[in-house]
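Taking it in order: structure first as structure tokens, then the write-up.
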Amino acid sequence: MAQVVVVHGIGHQWSGPALMGQDVGPALRDGVRLGAGLRLEEDAVACAFYGDVFFEEGTRSSDVPPWDEYDVDEGFEAELLEAWWQAGAALDPGVVPPDESGTRALLTNRVRAALDVLSGSRFFGTYSDRMMVFALKQVRRYMNEPVVWQAARARVAEEIGPDTRVVVAHSLGSVVAYEALCEHPEWPVTDFVTVGSPLGLSLIFNRLSPLPREGKGAWPGGVARWTNLTDPGDIVAVVNELAPRFGAVVDESLDNGSAPHSLTRYLLAKKTGRAIAEGLA
């Protein structure tokens, strides 16, 4: 079994473990080599793929429904979109802050304003309305639907073996991996590396399993070291520092250039490579 297991985030529903591995594996091995001078074999890295669990059997297609502001559910989805809007305004001078929009009266108007503003931002500029709504729904479904989170965590469990020492998790994958590690303290994983993680966002944090106690999240299983890396321009990682929420997390920042949330750029970073290598030493 692999020494390092990578858990992806949202937006990979039309991929697969082998296909993702063609990008993830080389990027991680390059990051470890550049950051720590350590050369890893191809079979040292595996991808825990769960993108297909968001589709019902036999319904997987090449496109998403033509969703718009009328398809964003009140509650979790609307609140997550609001959090992205606030983060976007804080990072991008071209994004009008939510409190200046003048659209608080109706949910659909508020959502329409958020989608319009974010579609013109540096972070979401390449996203269509339907893709932003699809992202909201994937996060909501993982957090709220047992059949989805059980299947996603099971995919992580399938890749963990006696040789696995490091779990690297990106975006929503950091939530999946965190909860899987909490469920399995017997796993031999010593190092948890999160990149572009939303774990510190209250909307996510307060719904974690196990639930936080007195404002503190549980430590992930038998992990000895947890390193969290964030590009300050990464809107998904709204809360850059996880130590205040979880304890002895080593929080570090890095620069992914024009693609702040890119998984491959996070993996190629020397800081990420050093954190992974520490778990393999």
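The values are calculated or read from the model by the stated rules, or taken from the named source; none is laboratory data. Because the structure is predicted, anything quoted here is derived from the model rather than measured. Backbone-built Cβ (ideal geometry, glycine too); neighbour counts: all protein chains shown.
Taking residues in the range 1-30 that are within 17 Å of T272 (Cα to Cα) and assigned by TED's automatic domain parsing to the domain that holds A46, and partners anywhere that are at pLDDT below 90 and buried (at least 17 other Cβ atoms within 10 Å of the Cβ), the pairs with Cβ atoms closer than 7 Å and at least 6 places apart or on different chains are H8/M20. Cβ-Cβ distances below 7 Å connect no pair with a first residue in the range 96-115 that is outside the structural domain of M131 (by TED's automatic domain parsing) and at pLDDT 65 or above, a second residue that is crowded, with 16+ Cβ neighbours inside 10 Å and not in a helix (DSSP H, G or I), and a separation of six or more residues or different chains. Please work out if Y142 is modelled with pLDDT of 95 or more and not β-branched (V, I, T). Criteria met by Y142. Filtering the range 165-199 to residues that are within 21 Å of H12 (Cβ to Cβ) and either more than 15 Å from the chain's Cα centre (by Cα) or assigned to a helix (DSSP H, G or I) (or both) leaves V166, L172, G173, S174, V175, V176, A177, Y178, E179, A180, L181. Under the condition of being over 17 Å from the mean Cα position of the chain (by Cα), surrounded by 13 or more Cβ atoms within 10 Å (Cβ to Cβ) and acidic (D, E), which residue from the range 66-78 is nearest to V139 (Cα to Cα)? Among those residues, the one meeting the criterion is D73. Summed over the range 116-128, residues that are in a helix (DSSP H, G or I) and modelled with pLDDT under 80 total 1.
For the condition under 17 Å from the mean Cα position of the chain (by Cα) and farther than 20 Å from V139 by Cβ, L254 qualifies. Residues that are assigned to a helix (DSSP H, G or I), out of contact with any Gly (no Cβ under 7 Å at 6 or more places or on another chain) and under 19 Å from S202 (Cβ atoms) within the range 81-100 comprise L81, E82, A83, W84, W85, Q86, A87, G88, A89, A90, P98, D99, listed in sequence order.
When G35, G9, G31 are checked against the criterion of being in a loop (DSSP other than H, G, I, E, B), closer than 19 Å to T194 by Cβ and either of a type in the set (D, E) or modelled with pLDDT of 90 or more (or both), G9 stands alone in meeting it. Taking the range 200-271 and the helices (runs of 4 or more DSSP H) fully enclosed by it, the elements with 2 or more residues that are surrounded by 16 or more Cβ atoms within 10 Å (Cβ to Cβ), assigned by TED's automatic domain parsing to the domain that holds C182 and of a type outside the set (A, V, I, L, M) are at 243-246, 263-268.
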